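The structure under discussion appears below in the form of structure tokens.
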Amino acid sequence: MATEIKAPTFPESVAEGSVAAWHKKPGDSVERDELIVEIETDKVVLEVVAPEAGTLSEVLAEEGDTVTSEQVLGRLGEGQASGESQDADKSEDKSEESEGDKPAASGAQHEVKAPTFPESIQEGTVASWNKQVGEAVKRDEVLAEIETDKVVLEVVAPADGALVEIKAEEGSQVESEAVLAVFGEGAGGDAAPSVGEGKAAASADDGASDEKVGDKILAPAARKLVAEHDLDVNKIEGTGKGGRILKEDVQKAVKDGSAKKTAAKSSAGSKPATAAAPAVEGERAEKRVPMTRLRQTIAKRLVQAQQTAAMLTTYNEVDMGAVMDLRAQYKDTFLKAHDTKLGFMGFFVKAASEALKRFPDVNASIDGTDIVYHGYQDIGVAVSTDRGLVVPVLRDTDSMKIADVEKGIVDFGKRARDGKLGIDEMQGGTFTITNGGIFGSLLSTPIINPPQTAILGMHKIQERPMAVNGKVEIRPMMYLALSYDHRMIDGKDAVQFLVTIKELLEDPARLLLDI
């Protein structure tokens, strides 16, 4: 009896989607919960899996067709239809086993493809392979990571098994849905090394992928790590076939610190200095590594912002005493009530939200020759990671409570450092706040994040002598910087916007009273 394959139930905000890709063709056998087709909406890509084991008998919605929620996409028949092909596969597997000394993968093979990139992303870079050829993996375990100019995308295993072949090495450029590797179901353990060893031997023989350094043979991924960490390959013990140094061997050496180059070693291996060359004592190490895609994008956008915007910066200073007293008084109660710490960023986000309502030009963006006024406040908060600076966006900050802001920022920070932020979380902001004060910056000039027209820079809180009511007092002061696009924002509005933030922070009761 045929079983209908239906589209998922779309969220209320999604009216329809399109069939992005069929992973099975009519006549192909499928297992229960195996991915059959992907539905792409304007927000996410939804996966449709097999409701039961069988054979795909009919496709009712072709790739590119528009479908609605719970629409029938195809039909699944009983599994006997593919019996002959399964027998053929089994006979081929048996013949392959007879040819080799060890058995190969016991199940079907799949192409491991890169994810479907959003329209704004053209290509990505294979950042790392978390699994090697022959290494046993579980279904949905991360195989590789693809680094784009915005986020890091994970590629997971389609089933239990092992990688049979890696076709896109670390550092290579790949496009959307490009084939990254071949995956075998049921492979791994004692069965998979025969496949991996065959690939390693072939690579070592033809010299296309591996590189020989002295008496050592390095895999491409291992060679990259050795260059990044400036290691002595002669001190690394290879565990691959024929002593081949694998990525895991280099990672172990980095962790143990057992393969560092010594000054004496460096001196012995270098050419004798000529009489005219000055003598230099000690090691003068250098290393050259490629710039990450995220860093390239950051550099490109910063230069673009300076070249296209009439950028100007106005400064002011704010007395943080009132906010600090309020924070000290309620931080313990706040933590118990909301399970998050009370920081300074919540006050700044709420103050900026109020100021943006009063000065809509600062909340606007420029689109060609048009000005787009936003009737909402979506504030991006700059987060520093090892990969570079990312700016996730808090949505509708005017309606958020300070506790919601603090929780959102903590969550953004953790996921940004883990590379788990989604692309949609870093798009569409109307204003940005960056806090260089956490690193000790006393004063800086932030650069606008296009197409936004302004950015607020926070800085270090430092006690300074201030004149208060005719007397000198030591007050906790912070410099504020507002960079703005003079094409859109006049100097008067920019200065008054910054003064509004200053007044709201120096008297936080204004935030509650809306004055």
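The values are calculated or read from the model by the stated rules, or taken from the named source; none is laboratory data. This is a predicted model, so every value here is computed, not measured. Heads up, the Cβs are rebuilt from the backbone with ideal geometry, glycines too, and the neighbour counts pull from every protein chain shown.
Quick notes on this one:
- Whichever residue in the stretch 13-63 is assigned to a strand (DSSP E or B) and among the charged types (D, E, K, R) and, among such residues, is farthest from the chain's Cα centre (by Cα): 58
- Inter-residue pairs, beta-carbon under 8 Å, first touching a residue at least 12 places away in the same chain (Cβ under 8 Å) and aliphatic (A, V, I, L, M) and in the stretch 416-438, second surrounded by 14 or more Cβ atoms within 10 Å (Cβ to Cβ) and assigned to a helix (DSSP H, G or I), 6+ apart: 421/412; 421/415; 433/345; 433/348; 433/349; 433/352
- Entry remark, the stretch 328-367: residues being in a strand (DSSP E or B) and among the hydroxyl-bearing types (Ser, Thr, Tyr) number 1 in total.
- The set of residues in the stretch 59-94 that are surrounded by fewer than 15 Cβ atoms within 10 Å (Cβ to Cβ) and either within 17 Å of residue 46 (Cβ to Cβ) or modelled with pLDDT of 50 or more (or both) comprises 60, 62, 63, 64, 65, 66, 68, 70, 72, 78.
- Within the option set 156, 126, being at pLDDT 85 or above, surrounded by 19 or more Cβ atoms within 10 Å (Cβ to Cβ), at negative phi and under 19 Å from the mean Cα position of the chain (by Cα) holds for one residue only, 126.
Results for (1) farther than 11 Å from residue 317 by Cβ; (2) surrounded by fewer than 14 Cβ atoms within 10 Å (Cβ to Cβ); (3) aromatic (Phe, Trp, Tyr), shown as yes or no for each residue.
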| position | (1), (2), (3) |
| --- | --- |
| 458 | yes, no, no |
| 461 | no, no, no |
| 470 | yes, yes, no |
| 485 | yes, no, no |
| 488 | yes, no, no |
| 493 | yes, no, no |
| 504 | yes, no, no |
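- Unique match (being at pLDDT 95 or above and charged (D, E, K, R)) among 417, 475: 475
- Cross-chain or 6+ apart pairs with Cβ under 9 Å, the stretch 227-250 first and at positive phi, then at pLDDT 80 or above: 230/285; 230/286; 230/287; 243/237
- In the stretch 285-306, the qualifying residues are those that are among the β-branched types (Val, Ile, Thr) and closer than 21 Å to residue 122 by Cβ, and the one that is modelled with the highest pLDDT is 303.
- Test result for residue 476, closer than 30 Å to residue 369 by Cβ and of a type outside the set (A, V, I, L, M): no
- Scanning the stretch 387-400 for residues that are in a loop (DSSP other than H, G, I, E, B) and within 18 Å of the chain's Cα centre (by Cα) yields 387, 388, 391, 392.
- Given (1) surrounded by fewer than 16 Cβ atoms within 10 Å (Cβ to Cβ); (2) over 30 Å from residue 368 (Cβ atoms), number of the condition residue 323 does not satisfy: (1)
- Residue, nearest to the chain's Cα centre (by Cα), within the stretch 401-436, restricted to residues that are crowded, with 17+ Cβ neighbours inside 10 Å and part of a loop (DSSP other than H, G, I, E, B): 419
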